[in-house]
Amino acid sequence: MTFLIADVRGYSRYTEEYGDEAAARLTKAFVAVVEEGVAAHGGTLLEVRGDETLAVFTSARQAIRSAVDLQGRFAEATDSESDLPLKVGIGIDSGEAVRLEDGSYRGAALNVAARLCARAHGGEVVITEATSRLAGRLEGLQYSDRGRVHLKNIPDPIHVLQVYSELDTPPRRRRITFAGKERRTLGWQLGALVVLIAAATAAVVVYLTAGGGAEPGNASPRVTTGGSPIVPAQEVALPPNAGLDAIVPAAIWKDCRLQTVPQPRATQTAVCLPTDGVPDRWEISSYRSGSDLLDAYRAEFRRHSELKSNSGRCNAFTWGGELEWLHGPGKPGGRTLCYFDGNDAVIVWNHQRLGQATHRDVLVIAREGGSDHVGLTRWWRPWHHLIGKAQ
């Protein structure tokens, strides 16, 4: 069997911003599109859980064609009804499954499809190599290699691909073969920039693990070489139309994709899905003003009544709290909160402009499975100082 799971991106925020009635209309439109698209390709819609649907197919080919067709239908629905932004991620996997008396299924393929759905950006279809092999070459469709990824609660890495219509713009992922292994290739200028940022980040990590920056309120990283501090290049003010790519280091921006519909009141939103490492997923939104940013942050904080302002810690030893973080003594950066969401460790922080021409007002949310707050802390410590200001 081949299982297809589709999920509406940003549904919770949409509900909070526009209310239950608007969310109900969004869900109704979503389910109607899925029902029609799945049936047209011989599939069966098994479950509808609010903003998520599960369908099953006896043909891997039909499942893939259905998924690409669905993304086209979602795009048309969004264009025709601008107040119903159907940005949907789809994950697909194939395998043996057991059908229970109530008509539901159990099997590893469902779990993998669910994980791939969580990794898919709005508008994307992500499938396993196993499904691709079952389907073979499909006229009018193209595959883009996404490499091997580690999925939560799946012991072995899974080779995944993105599938899209030949009529769509292909994902910008070029690969070359080196020593028998595939490697992504970049332009030499971008490659050089990535190397420089990686070197700087490594030095930052050395500084932090040596004792600095253990808590959000400690000094921001200083990069030194041979015992002497590196003098930073003169900071240049960001142009008014600068996007998120100008304030996120290239080394991690490569995993990000701008969303057609940003979060409420945000000017831009990007979702970032690293192919390996930590975190599983992170999201960044920029805002026109500090007041809009603080409203968005407070909305996140209000969702967690168990957290008290200016209390707790967000580090490798204690996870759960809300507090201020600083770039250095007397240099405020913003506020952060952290908590466990089921099996996920989550951290939310804002980076405030505070009148600095080289900074932007941004809100970032990062999530890591397996309750791995230690790994998430290691990722957060260097990058939160860099995300949000001119690169």
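When the stretch 267-293 is filtered for residues that are open to solvent by 10 Å² or more (accessible area, probe 1.4 Å) and closer than 16 Å to Glu16 by Cβ, the ones remaining, listed by number, are Glu283, Asp292. Say we look at the stretch 345-391 and pick out the residues that are in contact with a Pro (Cβ under 7 Å, 6 or more places away or on another chain) and either without any contact (Cβ under 8 Å) to a residue 24 or more places away in the chain or part of a strand (DSSP E or B) (or both); which of these is most open to solvent (accessible area, probe 1.4 Å)? Out of the qualifying residues, it is Arg367.
Yes or no, residue by residue, for (1) more than 23 Å from Ala270 (Cβ to Cβ); (2) polar (S, T, N, Q); (3) not in a helix (DSSP H, G or I):
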site	(1), (2), (3)
Ile90	no, no, yes
Leu110	yes, no, no
Leu116	no, no, no
Val126	no, no, yes
Leu134	yes, no, no
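What residue, among those in the stretch 15-71 that are in contact with a strand residue (DSSP E or B) (Cβ under 7 Å, 6 or more places away or on another chain) and among the charged types (D, E, K, R), is farthest from Glu300 (Cα to Cα)? Looking at residues that are in contact with a strand residue (DSSP E or B) (Cβ under 7 Å, 6 or more places away or on another chain) and among the charged types (D, E, K, R), I get Glu35.
The residue list Leu86, Leu46, Leu54, Leu70 contains one member that is open to solvent by 50 Å² or more (accessible area, probe 1.4 Å), among the hydrophobic types (A, V, I, L, M, F, W, C) and either at negative phi or at pLDDT below 95 (or both), which is Leu46. Which residues, counting only those in the stretch 272-282, are assigned to a strand (DSSP E or B) and either at pLDDT 95 or above or closer than 15 Å to Gly369 by Cβ (or both)? Scanning the stretch 272-282 gives Arg281, Trp282.
The selection criterion, being more than 24 Å from the chain's Cα centre (by Cα) and touching a residue at least 40 places away in the same chain (Cβ under 8 Å), does not hold for Val38.
Just to be sure before I move on: is Leu323 in a strand (DSSP E or B) and open to solvent by 10 Å² or more (accessible area, probe 1.4 Å) in the structure I sent? I'd like the intermediate steps shown before the answer.
On the way: in a strand (DSSP E or B): yes; open to solvent by 10 Å² or more (accessible area, probe 1.4 Å): yes.
Yes: the conditions hold for Leu323.
Report yes if Arg25 is out of contact with any helix residue (DSSP H, G or I) (no Cβ under 8 Å at 6 or more places or on another chain), of a type in the set (D, E, K, R), crowded, with 22+ Cβ neighbours inside 10 Å and part of a helix (DSSP H, G or I), otherwise no. No: the conditions fail for Arg25.
When the stretch 1-33 is filtered for residues that are of a type in the set (A, V, I, L, M, F, W, C) and within 17 Å of Ile127 (Cβ to Cβ), the ones remaining, listed by number, are Met1, Phe3, Leu4, Ile5, Ala6. How many residues does the stretch 57-67 hold that are open to solvent by 30 Å² or more (accessible area, probe 1.4 Å) and more than 23 Å from Glu101 (Cβ to Cβ)? Result for the stretch 57-67: 4. Taking the criterion of being touching a residue at least 60 places away in the same chain (Cβ under 8 Å) and either buried (at least 21 other Cβ atoms within 10 Å of the Cβ) or part of a loop (DSSP other than H, G, I, E, B) (or both), the only residue of the stretch 301-314 that qualifies is Cys314. Among the residues of the stretch 218-258, those identified as at pLDDT 60 or above and either among the β-branched types (Val, Ile, Thr) or in a strand (DSSP E or B) (or both) are Val236, Ile247, Val248, Ile252, Cys256, Arg257, Leu258.
The values are calculated or read from the model by the stated rules, or taken from the named source; none is laboratory data. Since the model is a prediction, treat every value here as computed from it, not as a measurement. Note: ideal-geometry Cβ built from the backbone for every residue, glycine included; neighbour counts use all protein chains shown. SASA here: full protein model, heavy atoms, side chains in, ligands and nucleic acids out. Shrake-Rupley method; radii C 1.70, N 1.55, O 1.52, S 1.80 Å.
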